[in-house]
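Novice: Structure provided below as C-alpha coordinates; questions to follow.
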Amino acid sequence: MKQVSAIVIGAGARGQVYAKYAAEHPDRLRILAVAEPKQDRRELFCRAYGIPPELAFTSWEELLARPQMADAALICTLDDMHTAPALAALRQGYHILLEKPMSNKEAECRAIARAAEESGRILSVCHVLRYTPFYRTIKRLIDEGQIGQVASLCQIENVGYWHQAHSFVRGNWRSSKVSPMILQKSCHDIDILLWLAGQRCTQVASFGSLRHFDAAHAPAGAPERCTDGCPHSEACPYYAPKIYLTDNVGWPTDMLTTDLSYEGRLKALREGPYGRCVYRCDNDVVDRQVVILAFDKGAVANFTMTAFTTDMARQLKVCGTKGQITADMNTNTILLHRFGEAKARQIALEAPPQTNNYGHGGGDYFLMQDFVQAVRQAKSDTLSSAQASLQSHLICFAAERSRNEKKIVEL
(Lines give C-alpha, C1' and ligand atoms only; values in the text may rest on other atoms or scores of the structure.)
Protein backbone atom coordinates (compact mmCIF):
# COMPACT_ATOMS: atom_id res chain seq x y z
CA MET A 1 0.00 0.00 0.00
CA LYS A 2 1.13 3.52 -0.74
CA GLN A 3 2.72 5.98 1.63
CA VAL A 4 0.18 8.60 2.78
CA SER A 5 1.26 12.22 2.49
CA ALA A 6 -0.01 14.91 4.86
CA ILE A 7 0.12 18.57 5.74
CA VAL A 8 -0.05 19.76 9.34
CA ILE A 9 -2.00 22.84 10.41
CA GLY A 10 -0.92 23.71 13.94
CA ALA A 11 2.43 22.40 15.19
CA GLY A 12 1.71 22.70 18.90
CA ALA A 13 1.42 19.85 21.39
CA ARG A 14 -1.21 17.79 19.59
CA GLY A 15 0.21 18.43 16.14
CA GLN A 16 3.57 17.13 17.32
CA VAL A 17 2.00 14.01 18.83
CA TYR A 18 0.15 13.01 15.67
CA ALA A 19 3.01 13.92 13.33
CA LYS A 20 5.32 11.67 15.36
CA TYR A 21 3.65 8.71 13.67
CA ALA A 22 5.42 9.78 10.46
CA ALA A 23 8.80 9.76 12.19
CA GLU A 24 8.20 6.24 13.50
CA HIS A 25 6.57 4.88 10.33
CA PRO A 26 8.03 6.78 7.36
CA ASP A 27 6.86 4.01 5.03
CA ARG A 28 3.26 4.79 5.98
CA LEU A 29 3.14 8.58 6.48
CA ARG A 30 5.16 11.55 5.29
CA ILE A 31 4.69 15.19 6.35
CA LEU A 32 5.12 17.57 3.40
CA ALA A 33 4.18 21.01 4.75
CA VAL A 34 3.24 22.85 7.92
CA ALA A 35 1.36 26.00 8.94
CA GLU A 36 2.26 27.35 12.37
CA PRO A 37 2.23 31.02 13.45
CA LYS A 38 4.94 30.66 16.14
CA GLN A 39 8.31 30.84 14.42
CA ASP A 40 10.27 28.80 16.96
CA ARG A 41 7.81 25.90 16.89
CA ARG A 42 7.53 26.08 13.10
CA GLU A 43 11.30 25.90 12.65
CA LEU A 44 11.65 22.98 15.06
CA PHE A 45 8.90 21.12 13.26
CA CYS A 46 10.50 21.73 9.87
CA ARG A 47 13.85 20.40 11.07
CA ALA A 48 12.20 17.32 12.55
CA TYR A 49 10.36 16.39 9.34
CA GLY A 50 12.66 17.77 6.65
CA ILE A 51 10.18 20.39 5.45
CA PRO A 52 11.78 22.95 3.11
CA PRO A 53 11.29 26.69 3.81
CA GLU A 54 8.96 27.15 0.84
CA LEU A 55 6.51 24.68 2.41
CA ALA A 56 6.51 26.28 5.88
CA PHE A 57 3.71 28.81 6.37
CA THR A 58 2.68 31.19 9.12
CA SER A 59 -1.05 30.62 8.57
CA TRP A 60 -3.38 27.93 7.30
CA GLU A 61 -4.74 30.41 4.75
CA GLU A 62 -1.33 30.61 3.07
CA LEU A 63 -0.98 26.85 3.00
CA LEU A 64 -4.45 26.12 1.69
CA ALA A 65 -4.10 28.84 -0.94
CA ARG A 66 -1.81 26.35 -2.68
CA PRO A 67 -3.34 23.56 -4.80
CA GLN A 68 -3.84 20.29 -2.94
CA MET A 69 -0.39 18.86 -2.29
CA ALA A 70 -1.08 15.84 -0.06
CA ASP A 71 -3.60 13.13 0.72
CA ALA A 72 -4.50 14.34 4.20
CA ALA A 73 -4.53 17.37 6.48
CA LEU A 74 -3.92 17.09 10.23
CA ILE A 75 -5.73 20.06 11.77
CA CYS A 76 -4.46 20.68 15.28
CA THR A 77 -5.19 24.35 15.94
CA LEU A 78 -6.95 25.69 19.04
CA ASP A 79 -10.61 24.75 19.50
CA ASP A 80 -12.07 27.98 18.10
CA MET A 81 -9.87 27.77 14.98
CA HIS A 82 -10.93 24.36 13.59
CA THR A 83 -13.88 25.15 11.38
CA ALA A 84 -12.49 27.38 8.64
CA PRO A 85 -9.40 25.27 7.81
CA ALA A 86 -11.42 22.04 8.05
CA LEU A 87 -14.03 23.26 5.57
CA ALA A 88 -11.38 24.70 3.25
CA ALA A 89 -9.34 21.49 3.29
CA LEU A 90 -12.43 19.38 2.57
CA ARG A 91 -13.24 21.59 -0.43
CA GLN A 92 -9.73 20.98 -1.78
CA GLY A 93 -10.10 17.22 -1.43
CA TYR A 94 -8.03 16.48 1.65
CA HIS A 95 -8.89 13.70 4.07
CA ILE A 96 -9.00 15.27 7.54
CA LEU A 97 -7.73 14.32 10.96
CA LEU A 98 -9.39 16.93 13.19
CA GLU A 99 -8.38 17.54 16.78
CA LYS A 100 -11.30 17.50 19.20
CA PRO A 101 -13.56 19.24 19.76
CA MET A 102 -14.71 19.67 16.18
CA SER A 103 -15.62 23.26 17.08
CA ASN A 104 -16.65 25.22 20.13
CA LYS A 105 -19.93 26.15 18.39
CA GLU A 106 -22.80 23.75 17.77
CA ALA A 107 -23.70 25.17 14.35
CA GLU A 108 -20.08 24.79 13.20
CA CYS A 109 -19.93 21.17 14.38
CA ARG A 110 -23.01 20.43 12.31
CA ALA A 111 -21.51 22.27 9.33
CA ILE A 112 -18.28 20.24 9.52
CA ALA A 113 -20.15 16.94 9.74
CA ARG A 114 -22.36 17.91 6.80
CA ALA A 115 -19.40 19.04 4.69
CA ALA A 116 -17.51 15.82 5.44
CA GLU A 117 -20.49 13.71 4.36
CA GLU A 118 -21.00 15.71 1.16
CA SER A 119 -17.30 15.65 0.26
CA GLY A 120 -16.92 11.89 0.43
CA ARG A 121 -13.61 12.44 2.24
CA ILE A 122 -12.61 10.80 5.52
CA LEU A 123 -12.93 13.12 8.50
CA SER A 124 -11.71 11.49 11.69
CA VAL A 125 -12.16 13.35 14.98
CA CYS A 126 -9.49 12.76 17.62
CA HIS A 127 -11.69 10.98 20.15
CA VAL A 128 -8.71 8.89 21.10
CA LEU A 129 -10.31 6.90 23.92
CA ARG A 130 -12.24 4.82 21.37
CA TYR A 131 -8.90 3.55 20.06
CA THR A 132 -7.37 2.46 23.35
CA PRO A 133 -7.02 -1.27 24.07
CA PHE A 134 -8.64 -0.46 27.43
CA TYR A 135 -11.96 0.85 26.11
CA ARG A 136 -11.97 -1.42 23.05
CA THR A 137 -11.87 -4.41 25.39
CA ILE A 138 -14.76 -3.06 27.47
CA LYS A 139 -16.78 -2.37 24.32
CA ARG A 140 -16.21 -5.96 23.16
CA LEU A 141 -17.41 -7.37 26.50
CA ILE A 142 -20.59 -5.29 26.30
CA ASP A 143 -21.27 -6.18 22.66
CA GLU A 144 -20.78 -9.88 23.44
CA GLY A 145 -23.54 -9.64 26.03
CA GLN A 146 -21.25 -10.53 28.93
CA ILE A 147 -23.23 -8.29 31.32
CA GLY A 148 -26.58 -8.51 29.55
CA GLN A 149 -28.28 -5.26 28.62
CA VAL A 150 -26.55 -2.09 29.80
CA ALA A 151 -28.53 -0.49 32.64
CA SER A 152 -26.17 2.17 33.97
CA LEU A 153 -22.70 3.59 33.43
CA CYS A 154 -20.57 5.71 35.73
CA GLN A 155 -17.32 7.35 34.64
CA ILE A 156 -15.02 9.54 36.72
CA GLU A 157 -12.32 11.72 35.20
CA ASN A 158 -9.65 12.58 37.75
CA VAL A 159 -8.01 15.56 36.08
CA GLY A 160 -5.26 16.00 38.68
CA TYR A 161 -4.63 19.19 40.63
CA TRP A 162 -1.48 20.21 38.72
CA HIS A 163 -2.97 19.33 35.30
CA GLN A 164 -5.97 21.53 36.06
CA ALA A 165 -3.63 24.35 37.00
CA HIS A 166 -1.47 23.87 33.91
CA SER A 167 -4.12 23.54 31.20
CA PHE A 168 -7.32 25.04 32.59
CA VAL A 169 -6.19 27.79 34.96
CA ARG A 170 -2.93 29.10 33.49
CA GLY A 171 -3.03 27.52 30.04
CA ASN A 172 -4.71 27.73 26.66
CA TRP A 173 -8.03 26.24 27.79
CA ARG A 174 -8.68 28.43 30.81
CA SER A 175 -11.46 30.38 29.06
CA SER A 176 -14.92 29.10 28.24
CA LYS A 177 -14.83 31.43 25.24
CA VAL A 178 -12.32 29.01 23.72
CA SER A 179 -14.26 25.94 24.97
CA PRO A 180 -16.14 25.04 28.13
CA MET A 181 -14.51 22.28 30.16
CA ILE A 182 -17.12 19.67 29.23
CA LEU A 183 -16.36 20.21 25.55
CA GLN A 184 -12.61 20.70 25.63
CA LYS A 185 -11.49 18.14 28.21
CA SER A 186 -14.44 15.89 28.87
CA CYS A 187 -15.86 15.43 25.39
CA HIS A 188 -13.66 12.31 25.49
CA ASP A 189 -15.71 10.97 28.38
CA ILE A 190 -19.11 11.87 26.99
CA ASP A 191 -18.12 10.28 23.69
CA ILE A 192 -16.98 7.06 25.35
CA LEU A 193 -20.17 6.78 27.43
CA LEU A 194 -22.26 7.22 24.28
CA TRP A 195 -20.18 4.62 22.42
CA LEU A 196 -20.31 2.06 25.23
CA ALA A 197 -24.04 2.53 25.85
CA GLY A 198 -24.82 1.97 22.17
CA GLN A 199 -28.04 3.95 22.62
CA ARG A 200 -29.31 7.40 21.70
CA CYS A 201 -29.12 10.04 24.42
CA THR A 202 -32.47 11.77 24.98
CA GLN A 203 -32.03 13.88 28.14
CA VAL A 204 -29.12 15.72 29.75
CA ALA A 205 -28.67 17.42 33.13
CA SER A 206 -25.49 18.97 34.51
CA PHE A 207 -24.15 20.77 37.57
CA GLY A 208 -20.82 22.46 38.26
CA SER A 209 -18.95 25.74 38.60
CA LEU A 210 -15.59 27.35 39.25
CA ARG A 211 -15.18 26.81 42.97
CA HIS A 212 -11.55 27.27 43.97
CA PHE A 213 -9.23 28.88 41.42
CA ASP A 214 -10.20 32.52 41.87
CA ALA A 215 -9.03 35.63 43.72
CA ALA A 216 -11.30 34.91 46.69
CA HIS A 217 -9.20 31.86 47.53
CA ALA A 218 -5.79 33.51 47.15
CA PRO A 219 -3.75 33.23 50.36
CA ALA A 220 -2.80 36.49 52.03
CA GLY A 221 0.11 38.23 50.38
CA ALA A 222 0.18 36.03 47.27
CA PRO A 223 1.71 38.06 44.40
CA GLU A 224 0.60 38.03 40.76
CA ARG A 225 3.42 35.64 39.84
CA CYS A 226 5.02 32.78 41.71
CA THR A 227 8.46 34.19 40.89
CA ASP A 228 7.64 37.53 42.55
CA GLY A 229 8.59 36.22 46.00
CA CYS A 230 5.52 34.31 47.12
CA PRO A 231 5.46 33.77 50.90
CA HIS A 232 3.55 30.51 50.36
CA SER A 233 6.02 28.88 47.98
CA GLU A 234 6.83 25.98 50.31
CA ALA A 235 3.25 25.03 51.12
CA CYS A 236 1.50 25.77 47.83
CA PRO A 237 1.21 22.70 45.53
CA TYR A 238 0.65 25.01 42.55
CA TYR A 239 3.89 26.98 42.99
CA ALA A 240 5.12 27.11 39.39
CA PRO A 241 8.85 26.38 39.95
CA LYS A 242 7.87 23.11 41.67
CA ILE A 243 6.12 22.03 38.49
CA TYR A 244 8.31 23.44 35.72
CA LEU A 245 11.86 23.86 37.09
CA THR A 246 12.55 20.16 37.58
CA ASP A 247 14.46 17.50 35.69
CA ASN A 248 11.37 16.86 33.56
CA VAL A 249 11.53 18.85 30.33
CA GLY A 250 8.79 16.86 28.60
CA TRP A 251 5.09 17.58 28.87
CA PRO A 252 3.84 19.83 30.41
CA THR A 253 7.11 21.75 30.78
CA ASP A 254 7.75 21.80 27.03
CA MET A 255 4.61 23.90 26.60
CA LEU A 256 6.28 26.88 28.27
CA THR A 257 8.96 27.58 25.67
CA THR A 258 11.18 25.97 23.07
CA ASP A 259 14.21 27.02 25.18
CA LEU A 260 14.10 24.27 27.80
CA SER A 261 17.28 25.29 29.60
CA TYR A 262 16.80 26.28 33.23
CA GLU A 263 17.27 29.91 32.30
CA GLY A 264 14.81 29.63 29.41
CA ARG A 265 12.16 28.08 31.60
CA LEU A 266 12.69 30.61 34.37
CA LYS A 267 12.32 33.44 31.85
CA ALA A 268 9.06 31.88 30.64
CA LEU A 269 7.73 31.74 34.19
CA ARG A 270 8.63 35.37 34.78
CA GLU A 271 7.04 36.57 31.55
CA GLY A 272 4.53 34.00 30.31
CA PRO A 273 1.16 32.69 31.49
CA TYR A 274 2.46 29.59 33.28
CA GLY A 275 4.23 31.59 35.99
CA ARG A 276 1.06 33.27 37.22
CA CYS A 277 -0.45 32.56 40.62
CA VAL A 278 -3.35 30.14 40.06
CA TYR A 279 -5.56 32.45 42.13
CA ARG A 280 -4.78 35.49 40.01
CA CYS A 281 -5.46 34.26 36.48
CA ASP A 282 -8.19 35.15 33.99
CA ASN A 283 -9.73 31.66 34.00
CA ASP A 284 -13.46 30.95 34.15
CA VAL A 285 -13.89 27.24 33.30
CA VAL A 286 -15.35 24.90 35.92
CA ASP A 287 -13.10 22.94 38.26
CA ARG A 288 -15.66 20.17 38.89
CA GLN A 289 -18.77 19.10 37.01
CA VAL A 290 -21.33 16.31 37.01
CA VAL A 291 -23.35 15.26 33.93
CA ILE A 292 -26.37 12.91 33.97
CA LEU A 293 -27.58 11.22 30.78
CA ALA A 294 -30.73 9.26 29.90
CA PHE A 295 -30.85 7.00 26.85
CA ASP A 296 -33.69 5.89 24.60
CA LYS A 297 -33.47 2.18 25.51
CA GLY A 298 -33.54 2.74 29.25
CA ALA A 299 -29.90 3.08 30.24
CA VAL A 300 -28.72 5.97 32.38
CA ALA A 301 -25.21 7.34 32.91
CA ASN A 302 -23.43 9.79 35.12
CA PHE A 303 -20.07 11.42 34.60
CA THR A 304 -17.95 13.31 37.13
CA MET A 305 -14.99 15.54 36.26
CA THR A 306 -12.96 16.90 39.16
CA ALA A 307 -9.73 18.86 39.38
CA PHE A 308 -9.19 17.95 43.00
CA THR A 309 -7.30 14.67 42.73
CA THR A 310 -3.72 13.59 43.17
CA ASP A 311 -3.92 11.12 40.29
CA MET A 312 -4.75 11.58 36.62
CA ALA A 313 -6.94 8.63 35.74
CA ARG A 314 -10.32 7.49 34.52
CA GLN A 315 -12.45 4.94 36.34
CA LEU A 316 -15.54 3.28 34.93
CA LYS A 317 -18.33 1.02 36.16
CA VAL A 318 -20.85 -0.47 33.74
CA CYS A 319 -23.81 -2.31 35.26
CA GLY A 320 -25.92 -4.67 33.18
CA THR A 321 -28.80 -7.05 33.71
CA LYS A 322 -26.43 -10.02 34.01
CA GLY A 323 -23.31 -8.57 35.60
CA GLN A 324 -20.94 -5.64 35.95
CA ILE A 325 -17.63 -4.33 34.62
CA THR A 326 -15.34 -2.34 36.91
CA ALA A 327 -12.33 -0.75 35.26
CA ASP A 328 -9.40 1.56 36.02
CA MET A 329 -7.57 3.05 33.07
CA ASN A 330 -4.56 4.07 35.15
CA THR A 331 -3.73 0.44 35.92
CA ASN A 332 -5.32 -1.04 32.76
CA THR A 333 -7.42 -3.23 35.04
CA ILE A 334 -10.78 -4.57 33.84
CA LEU A 335 -12.86 -6.80 36.14
CA LEU A 336 -15.90 -8.72 34.86
CA HIS A 337 -18.24 -10.05 37.53
CA ARG A 338 -21.25 -11.94 36.23
CA PHE A 339 -24.18 -12.49 38.56
CA GLY A 340 -24.04 -15.88 40.25
CA GLU A 341 -20.27 -16.22 39.90
CA ALA A 342 -18.29 -16.26 43.14
CA LYS A 343 -15.49 -14.00 41.95
CA ALA A 344 -14.78 -11.34 39.40
CA ARG A 345 -12.51 -12.25 36.50
CA GLN A 346 -9.68 -9.98 35.39
CA ILE A 347 -9.89 -9.48 31.64
CA ALA A 348 -6.77 -9.18 29.52
CA LEU A 349 -6.68 -6.25 27.13
CA GLU A 350 -7.31 -6.94 23.44
CA ALA A 351 -3.79 -5.73 22.71
CA PRO A 352 -1.01 -4.49 24.97
CA PRO A 353 -1.01 -0.68 25.25
CA GLN A 354 1.14 0.87 22.54
CA THR A 355 2.94 3.59 24.46
CA ASN A 356 5.95 4.77 22.46
CA ASN A 357 5.63 8.06 24.36
CA TYR A 358 2.06 8.49 23.14
CA GLY A 359 -0.68 9.54 25.53
CA HIS A 360 -4.20 8.43 26.40
CA GLY A 361 -3.33 4.81 27.06
CA GLY A 362 -2.00 4.28 23.55
CA GLY A 363 -5.06 5.90 21.99
CA ASP A 364 -3.04 8.57 20.21
CA TYR A 365 -0.99 5.91 18.45
CA PHE A 366 -3.91 3.69 17.44
CA LEU A 367 -5.89 6.71 16.22
CA MET A 368 -3.08 7.57 13.82
CA GLN A 369 -2.71 3.95 12.78
CA ASP A 370 -6.43 3.74 12.00
CA PHE A 371 -6.54 7.05 10.13
CA VAL A 372 -3.50 6.33 7.96
CA GLN A 373 -4.77 2.86 7.17
CA ALA A 374 -8.20 4.23 6.24
CA VAL A 375 -6.62 6.71 3.82
CA ARG A 376 -4.31 4.06 2.37
CA GLN A 377 -7.19 1.63 1.83
CA ALA A 378 -9.68 4.30 0.70
CA LYS A 379 -12.16 3.43 3.45
CA SER A 380 -15.33 5.48 3.77
CA ASP A 381 -14.84 6.44 7.42
CA THR A 382 -13.16 5.59 10.74
CA LEU A 383 -14.20 4.67 14.27
CA SER A 384 -14.44 8.36 15.18
CA SER A 385 -16.04 9.73 12.03
CA ALA A 386 -17.59 13.19 11.90
CA GLN A 387 -21.11 11.76 12.08
CA ALA A 388 -20.31 9.54 15.08
CA SER A 389 -18.51 12.34 16.89
CA LEU A 390 -21.20 14.91 16.24
CA GLN A 391 -23.59 13.13 18.61
CA SER A 392 -21.30 13.41 21.63
CA HIS A 393 -20.60 17.05 20.81
CA LEU A 394 -24.34 17.77 20.87
CA ILE A 395 -24.54 16.15 24.32
CA CYS A 396 -21.73 18.43 25.53
CA PHE A 397 -23.52 21.53 24.28
CA ALA A 398 -26.71 20.33 25.97
CA ALA A 399 -24.83 19.73 29.23
CA GLU A 400 -23.49 23.26 29.22
CA ARG A 401 -26.98 24.66 28.58
CA SER A 402 -28.29 22.56 31.45
CA ARG A 403 -25.55 23.74 33.81
CA ASN A 404 -26.01 27.41 32.98
CA GLU A 405 -29.82 27.43 32.72
CA LYS A 406 -30.40 24.97 35.58
CA LYS A 407 -32.76 22.71 33.64
CA ILE A 408 -33.00 19.31 31.98
CA VAL A 409 -32.29 19.56 28.25
CA GLU A 410 -34.11 17.31 25.78
CA LEU A 411 -32.23 16.02 22.74
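Novice: Largest first, how would Phe308, Phe207 line up by accessible area (1.4 Å probe)? Could you put the intermediate results ahead of the total?
Specialist: Numbers: Phe308 85, Phe207 130 Å².
The ordering from most to least exposed comes out as Phe207, Phe308.
Novice: Another question, if that's okay. What list of ³J(HN,Hα) couplings, whole Hz, do you get for segment 393-410 from phi and the Karplus terms 6.51, -1.76, 1.60, once you set θ to phi - 60° and write x for glycine and proline?
Specialist: Per-residue couplings from phi come out as 4, 5, 5, 4, 4, 5, 4, 5, 5, 4, 4, 6, 9, 6, 8, 6, 10, 8 Hz.
Novice: Normalised by the residues of segment 158-276, what does the relative contact order come to in percent, with Cα pairs under 8 Å and at least six apart? Write out the running numbers ahead of the final one.
Specialist: On the way: 75 pairs, mean separation 30.1, N = 119.
For segment 158-276, the relative contact order is 25 percent.
Novice: Round to the nearest 10 and report in Å² the accessible area of His217, as given by a 1.4 Å probe over the protein chains' heavy atoms.
Specialist: Rounded to the nearest 10, the figure is 80 Å².
Novice: For the chain, what proportion of DSSP beta bridges, expressed in % and rounded to the nearest 5, is antiparallel?
Specialist: Values: 40 of 66 bridges.
Around 60 percent antiparallel, to the nearest 5.
Novice: Now for a different question. For the chain, what % of the accessible area comes from carbon and sulfur atoms, probe 1.4 Å? Let's see the in-between values first.
Specialist: Details: 8790 of 17340 Å².
Exposed carbon and sulfur together represent 51 percent of the surface.
Novice: Counting only protein chains, not ligands or nucleic acids, how are Glu341, Glu157 ordered by accessible area (probe 1.4 Å), most first? It would help to have the intermediate numbers written out before the result.
Specialist: Numbers: Glu341 70, Glu157 5 Å².
Of Glu341, Glu157, the descending order of accessible area is Glu341, Glu157.
Novice: Another one. For Asp71, what residues show an amide H to amide H distance below 5 Å, using hydrogens built from the backbone and excluding near sequence neighbours?
Specialist: Ser5, Ala6
Novice: Sticking with this structure for a sec: With contacts defined as alpha carbon pairs under 8 Å and 6 or more residues apart, what's the relative contact order of the chain in percent? Please list the in-between numbers first.
Specialist: On the way: 828 pairs, mean separation 92.5, N = 411.
RCO, the chain: 22 percent.
Novice: Separate question: Based on alpha-carbon atoms only, what is the radius of gyration of segment 1-111 relative to the globular estimate 2.2 N^0.38 Å?
Specialist: Values: Rg = 13.1 Å, N = 111, 2.2 N^0.38 = 13.2 Å.
Its radius of gyration relative to the 2.2 N^0.38 Å reference: 1.00.
Novice: Separate question: So, taking all protein chains as they sit and a 1.4 Å probe, how much accessible area belongs to Phe339, in Å² rounded to tens?
Specialist: Accessible area of Phe339: about 130 Å².
Novice: Heavy atoms only, 1.4 Å probe, whole protein assembly: order Tyr161, Tyr244, Tyr262 by accessible area, highest first.
Specialist: Working: Tyr161 75, Tyr244 0, Tyr262 115 Å².
Final ranking, largest accessible area leading: Tyr262, Tyr161, Tyr244.
Novice: Compute the length gained on full extension between Arg376 and Glu144: take 0.36 nm times their separation in residues and subtract their Cα-Cα distance, giving the result in nm to one decimal. Numbers along the way, then the final one.
Specialist: Working: separation 232, 0.36 × 232 = 83.52 nm, distance 3.02 nm.
The span from Arg376 to Glu144 would gain 80.5 nm if fully extended.
Novice: Let me ask another. Calculate how large, on average over all directions, the projected area of the Cα convex hull of segment 141-205 is; give the answer in nm² to one decimal. Walk me through the numbers on the way to the answer.
Specialist: Numbers: hull surface 23.0 nm².
Taking the Cα atoms of segment 141-205, their convex hull projects to 5.8 nm² on average.
Novice: Work through the residues other than Trp195 whose Cβ is under 13 Å from its Cβ and net out their charges, Lys, Arg +1 and Asp, Glu -1. Intermediate results must be reported in sequence, preceding the final value.
Specialist: Values: positive: Arg130, Arg136, Lys139, Arg140, Arg200; negative: Asp143, Asp189, Asp191.
Value of the local net charge: +2.
Novice: Taking θ = phi - 60°, what integer Hz values does the Karplus form 6.51 cos²θ - 1.76 cosθ + 1.60 yield along segment 27-36, in sequence order, with x for Gly and Pro?
Specialist: The phi angles translate into 6, 9, 9, 10, 8, 9, 8, 9, 10, 8 Hz.
Novice: Quick one: net charge around Ile112, please, counting Lys, Arg +1 and Asp, Glu -1 for every other residue with C-beta under 15 Å from its C-beta. All intermediate terms of the calculation are to be shown ahead of the outcome.
Specialist: On the way: positive: Arg91, Lys100, Lys105, Arg110, Arg114, Arg121; negative: Asp79, Asp80, Glu99, Glu106, Glu108, Glu117, Glu118, Asp381.
That works out to -2.
Novice: What is the Å³ per residue value for the convex hull set by the Cα atoms of segment 264-346?
Specialist: On the way: hull volume 12.8 nm³, N = 83.
About 154 Å³ per residue, rounded to a whole number.
Novice: Here's another thing I want to ask about it. Quick one: divide the alpha-carbon radius of gyration of segment 1-58 by 2.2 N^0.38 Å and tell me what you get.
Specialist: Numbers: Rg = 10.6 Å, N = 58, 2.2 N^0.38 = 10.3 Å.
In units of the globular-protein estimate, segment 1-58 measures up at 1.03.
Novice: Does a label point 7 Å from the Cα of Asp284, set along Cα-to-beta-carbon, have any residues of segment 382-411 with amide nitrogen under 15 Å, and which are they?
Specialist: Hits in segment 382-411 for Asp284 at 15 Å: 401, 404-405.
Novice: Okay, moving on. Using amide H atoms built 1.01 Å from N in the peptide plane, name the residues 5+ places from Gly320, or on other chains, whose amide H lies under 5 Å from its own.
Specialist: Ala151, Ile325
Novice: Heavy-atom accessible area per residue, segment 65-215, 1.4 Å probe: how many Å²? Working shown, then result.
Specialist: Details: 4850 Å² over 151 residues.
Spelled out: the 1.4 Å probe surface of segment 65-215, per residue, equals 32 Å².
Novice: To continue, here is another question. Loop only per DSSP, at most 15 neighbouring Cβ atoms within 10 Å: give me the GluC sites (Glu not before Pro) in segment 219-282, ordered by residue number. Numbers along the way, then the final one.
Specialist: Working: sites: Glu224, Glu234, Glu263, Glu271; in loops: Glu224, Glu234.
Of the GluC sites (Glu not before Pro), the ones in loops of segment 219-282 whose Cβ has at most 15 other Cβ atoms within 10 Å are Glu224, Glu234.
Novice: Multiply the residue gap between Leu411 and Thr326 by 0.36 nm, knock off their C-alpha separation, and tell me the result in nm, one decimal place.
Specialist: Working: separation 85, 0.36 × 85 = 30.60 nm, distance 2.87 nm.
Result: 27.7 nm gained on full extension.
Novice: Quick one, can you get me the convex hull of the C-alpha atoms of the chain expressed as volume per residue in Å³?
Specialist: On the way: hull volume 61.0 nm³, N = 411.
Here the figure is 148 Å³ per residue.
Novice: Once you put a point 7 Å from the Cα of Ala48 and another 7 Å from the Cα of Arg401, both along the Cβ direction, what distance in nm separates them?
Specialist: Modelled inter-label distance: 3.9 nm.
Novice: Can you pick out the pairs among Lys317/Lys343; Lys105/Lys185; Lys105/Lys297; Lys297/Lys343; Lys20/Lys267 whose Cα atoms lie more than 18 Å from each other?
Specialist: Over 18 Å Cα-Cα: Lys105/Lys297; Lys297/Lys343; Lys20/Lys267.
Novice: Treating each Cα of segment 180-255 as an identical point scatterer and ignoring solvent, apply the Debye formula and state log10 I(q)/I(0) at q = 0.19 Å⁻¹.
Specialist: The Cα Debye sum returns log10 ratios of -0.95.
Novice: Roughly how much of Ile408 is accessible, in Å² to the nearest 10, using a 1.4 Å probe?
Specialist: 110
The values are calculated or read from the model by the stated rules, or taken from the named source; none is laboratory data. As the structure is a computational prediction, the values presented were derived from the model and not from experiment. A quick note on method: Cβ atoms are made from the backbone with ideal geometry, for glycine too, and the neighbour counts reach across all protein chains shown. The accessibility values were calculated without ligands, DNA or RNA, using every heavy atom of the protein model including side chains. Shrake-Rupley method; radii C 1.70, N 1.55, O 1.52, S 1.80 Å.
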